[in-house]
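Worksheet for the structure shown next.
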Amino acid sequence: MADTFAPATLRHATTSRLSHRSIDRAPLLSLDPRRVVPIPLHITMGVTTRLLRLAVELIISCRGRAVGLPYAYALAETLRTSVRVSPAPYHGGVFIGRACHAIAEGGDAVCRTLLGLVPERDHVAYKRLWALWRKLVRTLNRAVDVSLAEVRDFRSCADLFVSHLKLCFPWVSISPKLHILFRHAADFLSRFGSIGIYGEQSIEASHGFYNQNAVKFSAETEADGCANLVRAMATAREASDASLVRSTRRPAKDGARRARKATDRRLNVNRGGADECRAPREKAIREGRQWAQSIFAEGDRTFATVLARFVRGG
Amino acid sequence: MARERTSAGPACGRGATDFARDRCQSTYAVRMLTLLQSALLLFFLSCTLRSTCSLPDADIRRAFPKAVWAYRCTACSDVFLRPSNGLRAWKYRAFPELVEVLLACVRALPAIPCKSLRATEDFGIPHGTCDRCYCRSKRARLRKAPAETNVVDGPVPPSATPTLVAPILCEKFRGHSSAASGSAPVGGSSLASSVATTHVSAGPSLSHLAARVCTWTRERAEALNKADFERHCVVRLSEQLQAAQSAIASARAPPPHSPSCSKFLALLRSGAVWNDRDGPTLQQIAAAILLHDRPPEFRVKRANGRESVYVKRMSPLKARGKRSQRNRRSAIGSSLLAKVSRSQEDADVASNAQSVAMGAVASCRATVAQRRRSKAAQPLPLTPEQQLRLIETYGVSLTAFNGIRRVLGGSRAGLASQPVLRAARARLADLPAKRVTVTRTGAHLVNLNEAVAEKLTALSASNGLVERLIRGADLVPIPQTEAYSPPSVGSGSCPLAASSPPNEKDVHLALGLDKGGSPSSVKVVLVLEHKKHPHRLSNTILVAVYPAEKDSYDEASEMQKEHLQQVRDLVREGVVVNGERRAVRLFLSCDYEALCTFHGHKGESGTMSCLMCYTTKTACASHAD
């Protein structure tokens, strides 16, 4: 099926342009489509942003455009104070992968911002979306072999997530990432046992390494600077952990470091004090407002497009 | 009455002086008799006490069913009771199973505090120093004069022992019976002390009486000695006769044989060898039996017939101890190793051998731990190449590393200098797996196949290779049993487009391409998925880096034509791991834009936006089904 008729497997020289199926250039590398990794990191970031934007679109659809922007500001502030995440400017002004996991875990805080602003049916549907996504994201990015039961659970949750999204919020289009999530991710997971192992995290880490040591690798030309980076990485490739004395401390048991009382200092609300300087706080608020403006603009455009399509009778 | 009075008359008529003289003589005789009686009583009491003080240990031990409240003075070799509450309870307690005479004799022992009680012996009674011996020795020490009594164990020489046969000096009788221990047949010192006490209490008018008593006593002792001598002669003759008879019997009888074990056990149970002399020997016998046989259990039969079984039980150490416990065990092992090997050099050799046996990783950790424990600075076991790898991994400049090295003591710290590190870097750069070429568009590895093989070899050598098995339709991993055989060049098959069979041994490599960083550059990364943490930066192979603002198709095709052929060759030929060839199962792991670039796809704007199926872009109702 997919591996037999996928457009990526078709040979460019022997097929006509119409049969290329949106492949208009010669493939640089012909590969079995079953071995294309379902981009777990980018799916996580994209779907998280889409769900947050969906909340703004819900407000616009129920309360109008004027309420949308204040709500987006409130949402950014909720994420900053309750979930304690902020958009990363070096990452295109969106949340990084770890922040996406934190948002998925704190999805209830996002859902509470919709209370009283949208109908109960939409609120419940939105809350269910976050519950399903929380299950999916745990399996999607974990770099271990998952069990058979988890594979089955992932497949059912992915199908349910996309069908529920399309059924309750019909203006949401199925992006390629959502398509990969509910059509191909489960197949890849059941065949190779994990998605997170084959993820694209390592190449993102190489970007960060280059950013940190750009001064060290600088040379007369950019190509020489790149060569310095490649040489350094080739030299560091064989660095063995056996040369290091690592601490053998084991992680605590599950739930050992959870707050057990309402007055526990582990809870953010009980910590108090000035754990944050004024300047970083203002910077985080400013970046959060920028992010809120961007998702409001995009959500407003999406909803306007849907309305226009609806008016046209599409 | 008158006659009586008449008869009494002449007596009375003899004069008051005669009467008074007669009366005085009768009183004197009575007093003399009384004194003699008391002296004899004291003499016999002293004899009795003397005899009880020399009771054998077995009898004394038998008189105390539980705790022994008696002790033997090591200075005077006499036995005394130890005053305590337990002794008081023992005195008022009835022991029907014991002989009354023995109990009476033991109870008649003097109760004298023990100054230094020694450990209780297994087959005797406790030893100690009685109060009087202790005080005497202490006074002797204070006077810095040789003590009259020998405090240490051992009998007193007979020449120093005052006997009744020798002339008795009253001044010498102030001591207690320890001075007369040894061969004295009777307790003359006790008698003398009692006489001296009587002399003191009677006053100077009775001194001549004491002298007479002494004379009488000496005569009595001579008589006793004479009788004793005769008796000893008879006993000696009878002993000689018995010896002659036994010699004749032994000459006729077969050679003597050692007593059987049952006889010895019977003797042991009867208490015949339970004394101070045989105690250590019995302990040696028991130790020899137990150490030689190493019986798994010990059976002890009690007097009431009950048998107790003691089983040796090994208490194993916990397999997984905590950190402090592990450190403690390691320290104990190291100390034992040093004791066994007798020298530090041997200990180092043995430690190294032990480390080699425990594996390379453990060896490095043990070496580091030993280096931490040792006070003297030892050179680091890392080669300059290894140090350089760590420097590059953690992004430390050579200048900073050299500064740290100088702070730590320069070459004594075992850290390589800058020229050495530069030479090591040059050596590494010449290796085929690490050679880098710079082209017009960017930099990339010269030999990708060598780089992958080097990484796999290192991974296999450190036992860090994690197998990734492909699952079948039933989600069960399929074991990889068949080796990979590369197709011929002219066969026309393309291993990239066609997956190798799942039961073929393979290596999973993920090829990634992404644009990012500052300054912006496109990076091509090859990730080996056979590690526990494959996304760690040191586990990846940076294949190429191109300075670019975007990863469009035209730029990417221009940049990647250098190394994509290497990727194709790698997939076709496979890699050799542990002497067997494995297929390379290549994955594409990058964002959607890079995937579209690889495939020459239009991207999200295309009608068929998915790279893996024929789905169309337009959302339809089937999505909600």
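Here are some notes:
- Filter result for B:Arg581 (surrounded by fewer than 19 Cβ atoms within 10 Å (Cβ to Cβ), outside any strand (DSSP E or B) and touching a residue at least 12 places away in the same chain (Cβ under 8 Å)): no
- Only residues that are in a helix (DSSP H, G or I) and open to solvent by 40 Å² or more (accessible area, probe 1.4 Å) were counted in the stretch B:394-415, giving 7.
- Answer residue from the stretch A:198-223, given it is part of a loop (DSSP other than H, G, I, E, B) and facing another protein chain (nearest Cβ under 7 Å) and is nearest to B:Arg468 (Cα to Cα) among those: A:Gly199
- Top-ranked residue in the stretch A:83-92 [being open to solvent by 50 Å² or more (accessible area, probe 1.4 Å) and in a helix (DSSP H, G or I); ranked as nearest to the other protein chains (Cβ to nearest Cβ)]: A:Tyr90
- Restricting A:Phe154, A:Phe188 to residues that are more than 10 Å from chain B (Cβ to nearest Cβ), more than 25 Å from B:Gly442 (Cα to Cα), assigned to a helix (DSSP H, G or I) and among the aromatic types (Phe, Trp, Tyr) narrows the list to A:Phe154.
- The condition of being assigned to a strand (DSSP E or B) and among the aromatic types (Phe, Trp, Tyr) holds for only one of B:Tyr614, B:Tyr546, that being B:Tyr546.
- Check on A:Arg80, in a helix (DSSP H, G or I), touching a helix residue (DSSP H, G or I) at 6+ places or on another chain (Cβ under 7 Å), at pLDDT 85 or above and basic (Lys, Arg): yes
- Residues in the stretch A:93-105 that are in a loop (DSSP other than H, G, I, E, B), open to solvent by 10 Å² or more (accessible area, probe 1.4 Å) and within 15 Å of A:Thr44 (Cα to Cα): A:Ile96 alone.
- Considering residues of the stretch B:416-443 that are open to solvent by 10 Å² or more (accessible area, probe 1.4 Å) and either touching a Phe, Trp or Tyr at 6+ places or on another chain (Cβ under 7 Å) or part of a strand (DSSP E or B) (or both) only, the residue modelled with the lowest pLDDT: B:Thr441
- Residues satisfying the stated conditions in the stretch A:239-266, i.e. under 29 Å from B:Ser538 (Cβ atoms) and either assigned to a helix (DSSP H, G or I) or modelled with pLDDT of 70 or more (or both): A:Asp241, A:Ala242, A:Ser243, A:Arg250, A:Pro251, A:Ala252
- With respect to the conditions (1) away from every other protein chain (no Cβ under 11 Å); (2) touching a residue at least 60 places away in the same chain (Cβ under 8 Å), B:Lys550 lacks only one, and its number is (2).
- Single match in B:Thr120, B:Thr149 (criterion: modelled with pLDDT under 80 and either open to solvent by 30 Å² or more (accessible area, probe 1.4 Å) or outside any loop (DSSP other than H, G, I, E, B) (or both)): B:Thr120
- Number of positions in the stretch B:587-608 that are open to solvent by less than 10 Å² (accessible area, probe 1.4 Å), outside any helix (DSSP H, G or I) and either within 7 Å of chain A (Cβ to nearest Cβ) or in contact (Cβ under 8 Å) with a residue 12 or more places away in the chain (or both): 6
- For B:Ser460: the one exception among (1) at pLDDT below 85; (2) hydroxyl-bearing (Ser, Thr, Tyr); (3) in contact with a helix residue (DSSP H, G or I) (Cβ under 9 Å, 6 or more places away or on another chain): (3)
- Some residue of the stretch A:55-62 being modelled with pLDDT of 90 or more and open to solvent by 30 Å² or more (accessible area, probe 1.4 Å): yes
- Out of A:Val172, A:Val151, A:Val118, sole residue that is more than 19 Å from A:Gly299 (Cβ to Cβ) and in contact with a helix residue (DSSP H, G or I) (Cβ under 9 Å, 6 or more places away or on another chain): A:Val151
Yes or no, residue by residue, for (1) among the polar types (S, T, N, Q); (2) open to solvent by 40 Å² or more (accessible area, probe 1.4 Å); (3) under 23 Å from A:Glu238 (Cβ atoms):
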position	(1), (2), (3)
B:Ala510	no, no, yes
B:Asp514	no, no, no
B:Ser518	yes, yes, no
B:His535	no, no, yes
B:Ala556	no, no, no
B:Arg568	no, yes, no
B:Arg572	no, yes, no
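- Test: A:Gly107 is of a type outside the set (Ser, Thr, Tyr), out of contact with any strand residue (DSSP E or B) (no Cβ under 8 Å at 6 or more places or on another chain) and touching a residue at least 12 places away in the same chain (Cβ under 8 Å): yes
- Restricting attention to the stretch A:122-158, the residues being of a type in the set (Phe, Trp, Tyr) and surrounded by fewer than 16 Cβ atoms within 10 Å (Cβ to Cβ) number 0.
- Qualifying residues in the stretch B:472-486 (those that are within 12 Å of chain A (Cβ to nearest Cβ) and in contact (Cβ under 8 Å) with a residue 24 or more places away in the chain) - the one least open to solvent (accessible area, probe 1.4 Å): B:Gly472
- The set of residues in the stretch B:502-523 being within 60 Å of the chain's Cα centre (by Cα) and either at the interface with chain A (Cβ under 9 Å from one of its Cβ atoms) or not β-branched (Val, Ile, Thr) (or both) consists of B:Pro502, B:Asn503, B:Glu504, B:Lys505, B:Asp506, B:His508, B:Leu509, B:Ala510, B:Leu511, B:Gly512.
- Answer residue from the stretch B:74-95, given it is of a type in the set (S, T, N, Q) and part of a loop (DSSP other than H, G, I, E, B) and is least open to solvent (accessible area, probe 1.4 Å) among those: B:Thr74
- Residue match in the stretch B:440-451 (condition: among the hydroxyl-bearing types (Ser, Thr, Tyr), touching a strand residue (DSSP E or B) at 6+ places or on another chain (Cβ under 8 Å) and more than 11 Å from every other protein chain (Cβ to nearest Cβ)): no
- Residues located in the stretch A:28-46, provided they are open to solvent by less than 10 Å² (accessible area, probe 1.4 Å) and in contact with a helix residue (DSSP H, G or I) (Cβ under 7 Å, 6 or more places away or on another chain): A:Leu29, A:Leu31, A:Asp32, A:Pro33, A:Val36, A:Val37, A:Pro38, A:Ile39, A:Pro40, A:Ile43, A:Thr44
The values are calculated or read from the model by the stated rules, or taken from the named source; none is laboratory data. This structure is a prediction, so every number in the text was calculated from the model and none was measured. Reconstructed Cβ throughout: ideal geometry from the backbone, glycine too, with neighbour counts over all protein chains shown. SASA here: full protein model, heavy atoms, side chains in, ligands and nucleic acids out. Shrake-Rupley method; radii C 1.70, N 1.55, O 1.52, S 1.80 Å.
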